[in-house]
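A quick write-up on the structure given underneath.
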Amino acid sequence: GVDVQTDYVPLLNSLAMYGWQLTCVLPTPIVKTNREGNLSTKQIVFLQRPSLPQKAKKKESKVNY
């Protein structure tokens, strides 16, 4: 009789614009009860994004006259 509700969609959508992807969600032992008796837990969310290649700096050639 337990119903688990999670909604990561707004978080993931906001971070996806910058290339972030969800890799893992870890539950923690932290549990809280609200006034209605509902339990909530804290979770650790791991995200990653591909590394971007570094732009090579152009070497300016110095010409002496």
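Any read-out appearing in this document is the output of simple, stated calculations on the displayed coordinates, not a laboratory observation. Keep in mind the model is a prediction, meaning the values are calculated, not measured.
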- Semi-axes (Å, rounded, descending) of the ellipsoid equivalent to the range 1-55 per its C-alpha gyration tensor are 32, 12, 9
- Item | Estimated vicinal HN-Hα couplings, Hz - the range 30-43 in sequence order (Karplus 6.51, -1.76, 1.60; Gly, Pro = x) | 7, 10, 10, 10, 8, 5, 7, x, 6, 9, 10, 10, 8, 10
- Amide H proximity to LEU47 below 5 Å, modelled H, separation 5+ or other chain, gives THR23
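Given the Cα-Cα distance of LEU39 and THR6 and 0.36 nm per residue of separation, how much length would full extension add, in nm?
Full-extension gain reported as 10.6 nm.
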